[in-house]
């Protein structure tokens with residue numbers, strides 16, 4: 001049975017975070033060749049790369065070990081780790097928008113043409129608005145929303161590709177101490193819907209994934225009483241595992257009719 005992402009070039013921004021890497025790992029299991037982008041990409045590579053299924057060309061059983069940057073099918077010949085600080089607008093433009101062939105990525109740190117793009121970089125907020133500095137408010141919006149917009153603007157998406165923007169349940173439900181975070185994630189949803197219309201002429205699908213609470217440091221760092229309150233309001237009475245979020249991203253990437261989806265993955269918390 002053919003793997004749904006066999007031979008597809010998938011770029012994941014924020015790939016060293018627990019959700020971003022879970023998505024990258026799931027995509028690799030389904031045959032994708034990955035470009036993982038994050039500020040800590042170079043440092044994290046020795047730890048993360050052994051967990052990824054090595055890329056092999058469709059129809060072969062041996063892995064690609066060549067040191068060439070690109071293979072014959074216009075995709076990288078192996079998984080790549082590229083450092084990227086999404087707060088640096090010029091870096092986004094340089095890494096995603098480098099000029100080159102429309103069918104083959106350039107060498108070096110240029111991402112090149114992409115089949116599936118996942119925007120998963122983000123920073124959180126755990127303070128009331130009046131206690132949050134103006135600088136931090138700006139950082140939250142720039143990282144969670146503006147960087148997503150700029151990556152989508154400069155990324156070289158192939159026709160019939162797919163963009164997945166990771167938003168949050170707080171983008172629709174809100175949350176105490178998360179005003180700027182909720183606003184930025186709501187913006188991601190609005191941006192996704194508008195971009196879906198703009199990408200229609202190239203048959204590029206654009207979707208948003210809205211996880212609720214996930215078993216990560218953002219959850220484990222909460223006070224016990226706050227955890228209990230959220231669990232009480234969640235019909236499944238638990239949080240998501242990162243692999244479950246990755247399964248949802250895989251659905252959005254591989255289902256050819258999934259377009260303008262705003263997919264809740266919250267265990268039912270949004271019904272409370």
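The values are calculated or read from the model by the stated rules, or taken from the named source; none is laboratory data. It should be emphasised that the depicted structure is a prediction, and the values quoted were computed from it without experimental measurement. Here the Cβ is made from the backbone with ideal geometry for all residues, glycine too, and neighbour counts use every protein chain on show.
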Checklist entry - For residue 107, are the conditions met, namely being touching a helix residue (DSSP H, G or I) at 6+ places or on another chain (Cβ under 6 Å), at pLDDT below 95 and in a loop (DSSP other than H, G, I, E, B)? => result no
Checklist entry - Taking the stated definitions as given, is residue 206 surrounded by 15 or more Cβ atoms within 10 Å (Cβ to Cβ) and within 16 Å of residue 149 (Cβ to Cβ)? => result yes
Next on the checklist: I need every pair where a residue in the stretch 134-151 that is on the phi < 0 side of the Ramachandran plot and in contact (Cβ under 8 Å) with a residue 12 or more places away in the chain has its Cβ under 7 Å from the Cβ of a residue that is in a helix (DSSP H, G or I) and surrounded by fewer than 18 Cβ atoms within 10 Å (Cβ to Cβ), sequence separation at least 6 or different chains.
Outcome noted: 150/89
Checklist entry - Which of the residues that make up the stretch 125-155 are surrounded by 21 or more Cβ atoms within 10 Å (Cβ to Cβ) and not in a helix (DSSP H, G or I)? => result 125, 155
Checklist entry - Can residue 219 be described as without any contact (Cβ under 8 Å) to a residue 24 or more places away in the chain, in contact with a helix residue (DSSP H, G or I) (Cβ under 9 Å, 6 or more places away or on another chain), surrounded by 15 or more Cβ atoms within 10 Å (Cβ to Cβ) and more than 30 Å from residue 200 (Cβ to Cβ)? => result yes
Checklist entry - Among the residues of the stretch 67-81, is any in a helix (DSSP H, G or I), touching a strand residue (DSSP E or B) at 6+ places or on another chain (Cβ under 7 Å), closer than 30 Å to residue 137 by Cα and at pLDDT 95 or above? => result no
Checklist entry - Restricting the search to the stretch 172-203, which residues are touching a strand residue (DSSP E or B) at 6+ places or on another chain (Cβ under 8 Å) and surrounded by fewer than 22 Cβ atoms within 10 Å (Cβ to Cβ)? => result 172, 189, 191, 193, 195, 196, 199, 202, 203
